[in-house]
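Please read the structure below before turning to the comments.
Computed from the coordinates by the stated procedures, all read-outs in this text should not be read as laboratory data. Source: prediction; values computed, not measured. As a convention, Cβ positions derive from the backbone with ideal geometry for all residues, glycine included, and neighbour counts pool all protein chains shown.
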Amino acid sequence: MKAQHTSKSAAKLPSDAAQVLTIIKYFFLDYFRSRRFFVLLLITIAVGLLITGVVGYYRPQSFLSSDLAFLSNFWGEWVSFVIVLSAVFFGGDAISSEFQNKTGYFLVGNPIRRSTIYIGKYIAALLGSIIILLVFTAITVGNSTYYFGFGVPYEFFESFLFSIVYIISVMGLAFLFSSLFKSNSVAIIVTVILMLFVFSLIETLVANLVVTEPWFVLTYGSEIIRNILISPYPPAHTSSAHGVPFSIATYNASVPEGLIIMLAYFVVSFIAGLTIFERKEFT
Amino acid sequence: MADMAEPSVQAIDLTKRYGQFTALSKLNLKIEGSKCVGFLGPNGAGKTTTLKIFTDMIRPSEGKALINGIDVHRQKKKALENCGALIETPEIYPSLTAKEALIMIAEIKGIPRKKREREAESALSRVKMRAWADKTVGKFSKGMKQRINVAAALLGDPEVILLDEPTSGLDPRGMSEVRDIIKNLKRENKLIFLSSHLLNEVSEICDEVAMINHGKLLAYGKIEDIVKKFSKESTNIVEVSFSRPLANSVLHKIRGINGVSKVERSGQTDLNINVKGGIPGQEKLLSRLVSMKCGVIGFKPASSALEETYLNLFKEVT
Ligand SMILES: Nc1ncnc2c1ncn2[C@@H]1O[C@H](COP(=O)(O)OP(=O)(O)OP(=O)(O)O)[C@@H](O)[C@H]1O
Ligand SMILES: [Mg+2]
């Protein structure tokens, strides 16, 4: 006799949102405990202390003329580096590793959408990066307090918010590449090269050879992080040095432009990365 | 009837192509009810490919894969709601402890908060990894990880269980422990679909087998039927277990039964008996043994019968 089967209702599947929270929780834990997080933290602290040391020793006028000047040279100049580095550390192989390291086999065969995994991992990586950003912020504010006393100008809060937007978009891009490539190292290298070299190269070339605003370059948009700390805000376009073969042109995105560029990069890369991950096969 | 439906796994014209190469070709297979089905076939036959489609790790080029009647690719979350799967040898997030990794899966599967920890712990005990609960998985050996993978697949007491060579990488004790786990699951109205190369494992724990080669299904049915259909010899080997050790006189009597050509001891209380006459011959042998009141408690065609069939079948085709 065959036992009659009745559908079990004991375990009810959690909503997608609840599953996203689960993924965030465990991946954040996984990131937080990884050696990678520790290394990134050390690099960030080392960079912070290095600038602190150099400024303290040489006391450059460019830093010490005003609190805004200090922040634009300290924070404005270096925070992008910290952000790109954390996006690479946390996002560079976030999706490719699921394939290359076969960890995806542990997760994907469960009743959970792939988009849930992608979104959860993205948010976990973002939280990890924000911790690193906060460490760098603390070092910056500590220095500023030492030279200029308590309280930072409100432009710094704006700059901090812009840097969060920048992380959001760089992380989206890192996730896109990690979703595009199955190899961890390729995904990481492409992200690094793009963020550190290609974008700034394109930006310079476009501005100087084509003499157009490089509005399609992410790092161009991100310059508002520093520009907001410059008083007065730099002009949209300047060109100088007419004698030489090329005129040296500089463009500056306005705050809304910068935000739109960064958010557009986030939206496009996030959707593209997610779509690729949804269709990618675990072969 | 809908909510009284039996668990089922069904492939409809399931086809998978990699470029020009067809890894799976119009596979049609319907497994229904509480039973354990072995999935057999040589290397590269398409077993893993099939199971990956059933967990939406890869997409079919054509056809459909249904679990409990729900299309896995279209409605993955719903289709896998009551399914536990272990495909190949997954790696586990290295900084998580064994228990954390299992609790994560328990959360995903919707095990209530209060029960998660307890279920994760009992799953760990089940695979004899309780002592390692709070160690990070990164340093585990291959077999230890595979034990955690088995535990993860069984979390939440799923009614459909898909296993792709679950004992791969396990030590002999681990293999037999996992076999016992699966045998116990069979008592709980589960549908277990398991690929394996270990024919003794399959004939010990499975009721039915599906045989596949070059992406095509060659046979599906009860082990006895398949053995009968594809074995050339009319002699079958039957493994018989008794509740007590047998006296030589009893052995002598068994040798005398009609159709029995050979009787061998395979343990204190076990015999291997060669018997002619196919299934009817085996039936007669069993009723004779029972009537002898010598304490028969187990009777099944030996693994070597399946092995014989396997070798015949795959020789004929290739
Ligand atoms: N990504 C891929 N690209 C091309 N061919 C593939 C790919 N993945 C699998 N195959 C082919 O599909 C066929 C079926 O492979 P599959 O892994 O399903 O075999 P299997 O029955 O699980 O074998 P094994 O017993 O060795 O595990 C093989 O011939 C394999 O070469
Ligand atoms: Mg396989």
Under 5 Å from the placed amide H of A:Asn252, counting only residues 5+ away or on other chains, we find A:His237
Helix A:114-148: inclination vs chain A longest Cα principal axis, degrees, rounded to 10, gives 30 degrees
Quick calc, A:Ser200 & A:His237: beta-carbon distance into FRET formula, R0 22 Å, rounding 0.05, result 0.75
Within chain B, excluding any trypsin sites (Lys or Arg not before Pro) found in a DSSP loop (not H, G, I, E or B) and having at most 12 other Cβ atoms within 10 Å, the longest uninterrupted segment runs B:75-186
Per-residue average of Cβ from other chains inside 10 Å of A:25-34 | 5
Under-5 Å amide H pairs with B:Ser25, H placed in peptide plane, nonlocal only = B:Lys16, B:Lys216
Once both labels are modelled 7 Å past Cα along the beta-carbon direction, what's the B:Ser287-B:Asn248 spacing in nm?
-> 3.3 nm
Net charge dipole size for chain B [Lys, Arg +1 and Asp, Glu -1 on Cβ; Debye, nearest 20] | 300 debye
Point-to-point label distance, A:Leu50-A:Trp215, nm (Cα→Cβ direction, 7 Å offset) = 3.7 nm
Nearest 0.05, what FRET efficiency do B:Asp225 and B:Glu188 give at R0 = 25 Å with Cβ-Cβ as r?
-> 0.50
GNM on chain B, Cα springs under 10 Å; top mean-square fluctuation among B:Ile148, B:Ile226, B:Ile254 goes to B:Ile254
Long-range amide H partners of B:Ile161 with built H, under 5 Å | B:Gly84, B:Leu191, B:Ile192, B:Phe193
Under a GNM of chain B (C-alpha, springs under 10 Å), which listed residue has the highest mean-square fluctuation: B:Asn149, B:Asn189, B:Asn236?
-> B:Asn189
Only helical DSSP H runs with n ≥ 4 go in: add -39500 (n - 2.57) per run for chain A, normalise by residue count and round the 222 nm mean residue ellipticity to 500 deg cm²/dmol.
-> -22500 deg cm²/dmol
Environment charge of B:Val137, counting only residues whose C-beta is closer than 12 Å and scoring Lys/Arg +1, Asp/Glu -1 | +3
per DSSP, antiparallel bridges as share of beta bridges in the protein assembly as shown, % nearest 5, sits at 70 percent
In degrees, nearest ten, helix B:98-108 long axis to first principal axis of chain B (Cα) | 80 degrees
Measure nothing but the geometry: give the 0 to 90° angle between the long axis through the Cα atoms of A:35-58 and the longest principal axis through the Cα atoms of chain A, rounded to 10°.
-> 10 degrees
Work out the length of the dipole vector of the stretch A:1-140 about its Cα centre, built from +1 on the beta-carbon of each Lys and Arg and -1 on the beta-carbon of each Asp and Glu, and round it to the nearest 20 debye.
-> 800 debye
How high is the FRET efficiency from A:Ile271 to B:Ser266, r the C-beta distance, R0 60 Å, rounded to 0.05?
-> 0.45
Could you state the orientation-averaged shadow area of the convex hull built on the Cα atoms of the protein assembly as shown, in nm² to one decimal?
-> 35.2 nm²
Within-14-Å neighbourhood charge of B:Pro60 [Cβ basis; K, R +1; D, E -1] | +4
Nitroxide proxy distance, nm - points 7 Å out along Cα→Cβ at A:Ser15 and B:Ile297 | 5.4 nm
Starting at the first residue of the stretch B:18-27, write each ³J(HN,Hα) from the Karplus equation 6.51 cos²θ - 1.76 cosθ + 1.60 with θ = phi - 60°, in whole Hz, x for Gly and Pro.
-> 10, x, 7, 7, 9, 7, 9, 10, 6, 6
